[in-house]
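To start, the structure itself, in structure tokens.
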Amino acid sequence: MYRICEKEVLAPNIIHMRFEAPRIAEAARPGQFLIIRVDERGERLPLSLAGWDPENGTVDVVFYVLGTSTMKLASLKVDEHVLNLAGPLGEPTEISHFGRVVCACGCFGIGPTIPLIKALKERGNHVVTVVEGRGRSFIFWEEILRGMSDELHIVLGDGSCSEPGWANEFISRYLSEGKSVDRIFVHGCPFMMMVVSDASRPFGVKTVVSLTPLMVDGTGMCGACRVEVGGETRFACVDGPDFDGHLVNWRMLTNRMRQMVDEEDLSQRLWERRNWHRLVQIQTNGNTNGRCYR
């Protein structure tokens, strides 16, 4: 059992949670992830690490509430527990002195970008961070990102800021202007990572994406998380989660992620019907029952 020690709603349907997990906090590295199981009937949910504190023995995740498992997790309060928390899993992100790097993120992907930027800066990189959102209400931890990055660009899909559009459009413009970029890292939903990879492809800038598809055991035994990269089958849990975005078969990945949509919808409807009281409580309390992260 792992206790929830902090919880905060960061943006619509985006939640930050902090767990007590001393052994995981001691071993965590940028790019790795956890697998969480809320209860005995819960699926194993892979979530990227958004931070860790070895001194206090805590780890952080940021997740988007979409589906039964994330709804279950979001319904928990501070001082309640999840049944299982396994990690850190996956290969850490390759961190080196690349030169000028772009960290593109959006939605829950802002979480794992925080420790990545910190590690890249420690190796002397010039970090350009671009954060996308549908509107201003979807942008969070802006001051943290601004303080860590050499450049911070916020792009909004609703056109309500000075840099309208999306991260892929920003990167296309940035590279078209002749800006030298040595590597691009992307965290966010699969569609966002795909279109950013497409935007950087003509310029030949290596683009690293983080894939956490459906997983079961998280140790390479079940094969549920298999992806095609460069024409070869790879397992996201042990070979990843980082892969070259220019080599990922995005169509196959998308099709695999959608193959259980009908069953997932049924599961969510049944859970909502049986747990309407918890949903009312979430809405009444603004989805949060704990201290703010900052």
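The values are calculated or read from the model by the stated rules, or taken from the named source; none is laboratory data. Here the structure is a predicted model, which means the values were calculated and not measured. Neighbour counts are summed over all protein chains in view; Cβ atoms, including those assigned to glycine, are modelled from backbone coordinates with ideal geometry. Note: areas computed on protein heavy atoms with side chains; ligands, DNA, RNA excluded. Shrake-Rupley method; radii C 1.70, N 1.55, O 1.52, S 1.80 Å.
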Give the residue, chosen from Gly90, Gly106, Gly111, Gly99, that is surrounded by fewer than 24 Cβ atoms within 10 Å (Cβ to Cβ) and of a type in the set (Gly, Ala, Ser).
Gly99
Out of (1) of a type in the set (Phe, Trp, Tyr); (2) loosely packed, with under 15 Cβ neighbours inside 10 Å; (3) modelled with pLDDT of 95 or more, the one Trp276 does not meet is (3)
Which condition from (1) more than 18 Å from Asp244 (Cβ to Cβ); (2) in a strand (DSSP E or B) is the one that Val209 breaks?
(1)
Screening Val127, Val131 for residues that are in a strand (DSSP E or B) and more than 19 Å from Ala11 (Cβ to Cβ) leaves only Val127
Say we look at the stretch 199-252 and pick out the residues that are of a type in the set (Lys, Arg) and farther than 23 Å from Ile95 by Cβ; which of these is surrounded by the fewest Cβ atoms within 10 Å (Cβ to Cβ)?
Arg251
Within the stretch 105-144, which residues are among the aliphatic types (A, V, I, L, M) and within 16 Å of the chain's Cα centre (by Cα)?
Ile110, Ile114, Leu116, Ile117, Val130, Val131, Ile139
Residue check, Thr113 assigned to a helix (DSSP H, G or I), among the polar types (S, T, N, Q) and either modelled with pLDDT of 95 or more or in contact with a His (Cβ under 9 Å, 6 or more places away or on another chain) (or both)
yes
Please find, among Leu66, Leu47, Leu83, the residue that is surrounded by fewer than 16 Cβ atoms within 10 Å (Cβ to Cβ) and closer than 21 Å to Ile139 by Cβ.
Leu66
Members of the stretch 1-42 found to be surrounded by fewer than 18 Cβ atoms within 10 Å (Cβ to Cβ) and outside any strand (DSSP E or B), listed by number:
Met1, Pro12, Asn13, Pro22, Arg23, Glu26, Ala27, Arg29, Asp39, Glu40, Arg41, Gly42
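Please work out if Met193 is open to solvent by 70 Å² or more (accessible area, probe 1.4 Å), out of contact with any Cys (no Cβ under 9 Å at 6 or more places or on another chain) and closer than 21 Å to Gly90 by Cα.
In short, no.
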